[in-house]
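Data first, discussion second: the structure below is written as structure tokens.
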Amino acid sequence: MADLWQDAMDHAVAIARKAGAVIRDHLQGEMTVMCKSSPADLVTMTDQKVEELIMASIMEKFPTHSLIGEESVSAGQPCILTDNPTWIIDPLDGTTNFIHRFPFVAVSIGFAVNKELEFGVVYSCIEDKMYTGKRGKGAFCNGKRLQVSGQTDIKQSLIITELGSSRDPEVVRHIFSSMQKILCIPVHGMRCAGSAAINMCLVAGGAAEAYYEIGIHCWDISAGAVIVSEAGGVLMDVEGGPLDLMSRRVVAANSRNVAERIVKEIEAFPAERDDAS
Ligand code: LIP
């Protein structure tokens, strides 16, 4: 059973690379930008085209598997994780970056069986970095093993978060309030790369001690969750307790110590679950 799901993972790597090449091509051209849930929740034709390409390729090779994809869910498909082998896809994580040509954009593909994540693939396509993680087999970037940072003192830590896509003043107030409290612990600094998947890979590679966010979706974090835990990191809910993929909340850290310290400062606010409807 050692290589269970290896063919699926190989396929995920191949299709992520192909999708990344399409994204790179489209980066230079004209873009049609559309809004989804808010004026800052954006989508382009490239997101949709790349999702179609990934989904068609998976359905052809694994016709009995289930699929959850960001743009399909936006178009009304259900977002329910069952026990069936399920691919959880963000065709273009960092859409706002893509639109502005800010160079952190990723293809993110997570894979779960019996609701447990088996592998994750994040292709940071402008940097040409292929991150992979497989349950029990470690995490890698372009074939080099990843290991989280050994820094467990929060005061010497670099913390990543995002400002999210809601422009509801109350949500923004909570986001800034949490950032202020964490910054004033004090920590060395805070960063936003604009892609949840890349943020998690940065934690996995030791470039930052933690990443947290409320408002992300299961497709933003599924692949990164495997990569972080296989690099020796921990995943947690923003109020402590285990990570719930559908809750739209995540803390990914190098250690329990750092994660728990951040959790003390985060002001949680409501976000409708991915599997709510
Ligand atoms: C985005 C995330 C980003 C987060 C946004 C959004 P998208 O994903 O990666 O970190 O702050 O709310 O979810 O929409 O570019 O795939």
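Nothing in this text is a laboratory measurement; each read-out follows from the coordinates by a stated rule. Small disclaimer: the values here were computed from a predicted structure and weren't measured. Every residue, glycine among them, receives a Cβ derived from its backbone with ideal geometry; neighbour counts consider all protein chains shown.
Just one of the numbered conditions (1) under 15 Å from residue 222 (Cβ atoms); (2) of a type in the set (A, V, I, L, M, F, W, C); (3) surrounded by fewer than 16 Cβ atoms within 10 Å (Cβ to Cβ) is not true of residue 58: (3). For residue 137, the conditions (1) within 16 Å of the ligand (Cβ to nearest atom); (2) closer than 18 Å to residue 234 by Cα; (3) surrounded by fewer than 19 Cβ atoms within 10 Å (Cβ to Cβ) are fulfilled apart from (1). Just one residue in the set 98, 104 is touching a residue at least 40 places away in the same chain (Cβ under 8 Å), within 12 Å of the ligand (Cβ to nearest atom) and outside any loop (DSSP other than H, G, I, E, B); that residue is 98.
Filtering region 254-261 for residues that are in contact with a helix residue (DSSP H, G or I) (Cβ under 8 Å, 6 or more places away or on another chain) and buried (at least 24 other Cβ atoms within 10 Å of the Cβ) leaves a non-empty set.
Among residues of region 83-94 that are within 12 Å of the ligand (Cβ to nearest atom), those with a beta-carbon under 8 Å from a residue that is of a type in the set (Ser, Thr, Tyr) and assigned to a loop (DSSP other than H, G, I, E, B) at least six positions away or on a different chain give the pairs 93/195; 94/195. For region 21-31, the criterion of a residue being touching a Cys at 6+ places or on another chain (Cβ under 8 Å) and charged (D, E, K, R) is satisfied by at least one position.
Checked against (1) more than 14 Å from the ligand (Cβ to nearest atom); (2) not in a strand (DSSP E or B), residue 235 passes all but condition (2). Charged (D, E, K, R) and either under 16 Å from the mean Cα position of the chain (by Cα) or away from the ligand (no atom under 16 Å from the Cβ) (or both): is that true of residue 60 in this structure? Taking the combined requirement at face value, the residue satisfies it.
Quick one: would you say residue 31 is touching a Ser or Thr at 6+ places or on another chain (Cβ under 7 Å), within 15 Å of the ligand (Cβ to nearest atom) and without any contact (Cβ under 8 Å) to a residue 40 or more places away in the chain? Considered against the rule, which asks whether it is touching a Ser or Thr at 6+ places or on another chain (Cβ under 7 Å), within 15 Å of the ligand (Cβ to nearest atom) and without any contact (Cβ under 8 Å) to a residue 40 or more places away in the chain, residue 31 comes out as no.
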